[in-house]
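Everything below concerns the one structure shown next.
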Amino acid sequence: MVSTTAQSRIDFVQSTIHDFSDRSLIDKARIEISRRQIHKLYWFHLKSNQSIKISKLSNVYTSIDRDLNQKTVEYMISVSANVLNFDVQKGFDYLLKKSALAWEEKVWRDFPIEIKSIDFTDQLALNFARYHLHIMVPKHDGRMSIAAKGLSGEGYKGHTAWDTDIFMLPYFTMTYPEIARKLLTYRYLGLSGAHKKAALNHYQGAQYRWESAWPSNGEVAPVWGAADIVTGKPTKIWSGFIEQHISSDVAFGVKQYIDATSDLRFAKFEGYEMIFDTAKFWVSRLEYNAVKDRYEINNVVGPDEYKEHVNNNAFTNYSAAWNISTAIKVYEKIKQQDSKSFDRLNKKLGLDKTYRQWKEKLPKLYLPKANKDKILPQDDSYLSKKILDLTPYLKDDAVGTLFHDYNLDQVNNMQITKQADVILLFCLFENIFSLGIQEASWDYYLPKTMHDSSLSLSTHVVLAVDLGRNSEAYQLFQKAKNIDLGPYMNSSNDGIHAASLGGIWNSVVEGFGGLRVIDGKLRIEPHLPKEWDSLDYRINWHGARLQISETKEDFTVTFLNSNHLNQIVEFMSKGQKYQVKAKGSLRIKL
Ligand code: IFM
């Protein structure tokens, strides 16, 4: 089948061979074509107990594939057919073995993660998540990233969202940094699209697109969504216009990668520029409130997409402040230590002027504070909205059931949260908020949270563990596991939920395993659930490969190998600093 995408004019050649163990059993065959589909129908006559084995082999070539010598359709057809004929000669069993060997060598054996649990599906879900993470990441080409539905469906039209930067990147950063780097290169190339979006909105710097496709495209998020139950008209989707935290999400992923890998080449030539350019966007985005003598970020959608046009969404403001303060630190550091990179970036981005703006505005950027009950307000108006008892909706396993009774305007005016918002803020910036604030806010927001986005549950797992609510965390983990692997047959109709699969690794390793990168430092504080005997995983830290083996009583960090002789790895646990030398191992009692 040869097809061309309607807007970007990319040619696709897809070939399939049906290989039969005995072609003489085929009575007749016919090709059928329907919209975007091509089928071949076969009729057989099989006697009782007689069988036929059918193998289906396919390949796909596109005119943007880098490894093709020529990009013409004729050339692609000939390569595609030759490769397929060659593969069919080798046979399905051979190809299967080759594939299994590659999985074994590159994924399962290199970075094993083993959970000893009373429930074997804990391990199964983790393997399932890792399988998808590896098949859907375009590690061969930085011009693409992971789509919100991976490769398994047409939901979100293959677009990339913050799902990659916040929910999937941690897995790759900590285990396959070379793949993480490709995902970040996509963001670097996407600066051109981000500049377009900022300019269109009269801002400066890089305003990343809420949904993105080809790096240089502008915003591609849809404008209209499902029918409104009250008006009967399509609901406007505001994310592409005012869900702006994506710019600091990208910078956050960049900084975590630099902290975990110390990849200076990336930092100098791609990473710092993204941190600066997003901070440049934020400083141009801030609005001065003369009455209160402070800068605000008004009229946004935060991670909770059931609250539109809100002012001072805590997640947005805090993450923007983090973005600006990180840019200030990087500016000061490279100005002192690496004048060559500084001069290049200063010239390109006009950093001296922007630095003055960062320094002037950051101290006055409004950061919402917890109220007298220690609840951090999600935004300026959330806590004064009407409260609806969500129990009947929360009992329902389907998502979006609220919209059978209310439209988005009505939901907007009630204390109903679609997905982790304040809770995610606590997970990403845990040092800023006291345990008391995190606990009170957890108790307040949880009954108001619908988990109507698949990004929600795993974030809740991680914070529940941090708050010492292990059995609640394990229950939430059971639900998170079921998002794609569960019994609800329709849940993955539009494709799997890529971020939630990243979230499975986050729940296991960052949550129960207690592995975090905080302020540039590695921290390990395991809290295994009572259902688990042990958790074993491997990570990369500054080029060193570490094996971490955890039980409920203790944990051991073993330094397996490194590119640098005499390397020492430092990590924190419960406020204590530890060091482990190359080939060494350290056991710490809990
Ligand atoms: O990016 C998410 C968003 O946060 C909630 N709705 C689904 C999107 C794609 O997964």
- Out of the stretch 542-580, which residues are within 22 Å of Arg265 (Cβ to Cβ) and β-branched (Val, Ile, Thr)? Val569
- Checking Glu287 against (1) under 22 Å from Trp238 (Cα atoms); (2) surrounded by 18 or more Cβ atoms within 10 Å (Cβ to Cβ), which test does it fail? (2)
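I'm trying to understand the selection: among the residues of the stretch 250-268, which are out of contact with any Pro (no Cβ under 9 Å at 6 or more places or on another chain) and in contact (Cβ under 8 Å) with a residue 40 or more places away in the chain? Break it down stepwise before answering.
Step one: of the stretch 250-268, the residues out of contact with any Pro (no Cβ under 9 Å at 6 or more places or on another chain) are 250-252, 254-255, 258-259, 262, 264-268.
Answer for the stretch 250-268, where residues must be out of contact with any Pro (no Cβ under 9 Å at 6 or more places or on another chain) and in contact (Cβ under 8 Å) with a residue 40 or more places away in the chain: Val250, Ala251, Phe252, Val254, Lys255, Asp259, Ser262, Phe266, Lys268.
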- Check on Lys329, more than 19 Å from Tyr203 (Cα to Cα) and exposed (fewer than 14 other Cβ atoms within 10 Å of the Cβ): yes
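If you take the residues in the stretch 365-398 that are assigned to a loop (DSSP other than H, G, I, E, B) and free of Cβ contacts under 8 Å to residues at least 24 places away in the same chain, which one is surrounded by the fewest Cβ atoms within 10 Å (Cβ to Cβ)?
Going through the stretch 365-398, the residues assigned to a loop (DSSP other than H, G, I, E, B) turn out to be 366-381, 385, 387-390, 396-398.
If we keep only those that are free of Cβ contacts under 8 Å to residues at least 24 places away in the same chain too, we end up with 369, 371-372, 389, 396.
Values: Lys369: 9, Asn371: 14, Lys372: 5, Asp389: 8, Asp396: 12.
The extreme case among them is Lys372.
Quick one: is Asp452 of a type in the set (Asp, Glu), within 11 Å of the ligand (Cβ to nearest atom) and either surrounded by 19 or more Cβ atoms within 10 Å (Cβ to Cβ) or over 23 Å from Val137 (Cβ atoms) (or both)?
On the way: of a type in the set (Asp, Glu): yes; within 11 Å of the ligand (Cβ to nearest atom): yes; either surrounded by 19 or more Cβ atoms within 10 Å (Cβ to Cβ) or over 23 Å from Val137 (Cβ atoms) (or both): yes.
Here the answer is yes, as Asp452 does meet what is asked.
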- Message: Could you go through the stretch 274-291 and let me know if any residue there is within 16 Å of the ligand (Cβ to nearest atom), under 27 Å from Gln357 (Cα atoms), of a type in the set (Asp, Glu) and in contact with a strand residue (DSSP E or B) (Cβ under 8 Å, 6 or more places away or on another chain).
- Response: no
- Is it the case that the stretch 468-475 has a residue that's of a type outside the set (A, V, I, L, M), over 24 Å from Val254 (Cβ atoms), surrounded by fewer than 24 Cβ atoms within 10 Å (Cβ to Cβ) and within 15 Å of the ligand (Cβ to nearest atom)? no
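Checking the condition surrounded by fewer than 17 Cβ atoms within 10 Å (Cβ to Cβ) and within 15 Å of the ligand (Cβ to nearest atom), which residue from Lys149, Lys157 passes?
Values: Lys149 fails: surrounded by fewer than 17 Cβ atoms within 10 Å (Cβ to Cβ).
When all the criteria are applied, what remains is Lys157.
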- Taking the stretch 411-428 and keeping only residues that are more than 17 Å from Gly503 (Cα to Cα) and away from the ligand (no atom under 16 Å from the Cβ), one is left with Asn413, Met414, Gln415
- Message: So in the stretch 221-235, with the set limited to residues that are at pLDDT below 95 and either among the basic types (Lys, Arg) or away from the ligand (no atom under 14 Å from the Cβ) (or both), which one is surrounded by the fewest Cβ atoms within 10 Å (Cβ to Cβ)?
- Response: Gly232
- Taking into account only those residues within the stretch 200-220 that are more than 15 Å from the ligand (Cβ to nearest atom) and in contact (Cβ under 8 Å) with a residue 40 or more places away in the chain, which is surrounded by the fewest Cβ atoms within 10 Å (Cβ to Cβ)? Trp214
- Tell me, which strands (runs of 3 or more DSSP E) lie completely within the stretch 17-99 with 3 or more residues that are surrounded by 13 or more Cβ atoms within 10 Å (Cβ to Cβ), of a type in the set (S, T, N, Q) and within 37 Å of the chain's Cα centre (by Cα)? 54-62
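The values are calculated or read from the model by the stated rules, or taken from the named source; none is laboratory data. Small disclaimer: the values here were computed from a predicted structure and weren't measured. When we count neighbours, we look across all protein chains shown, and the Cβ atoms used for this are built from the backbone with ideal geometry, even at glycine.
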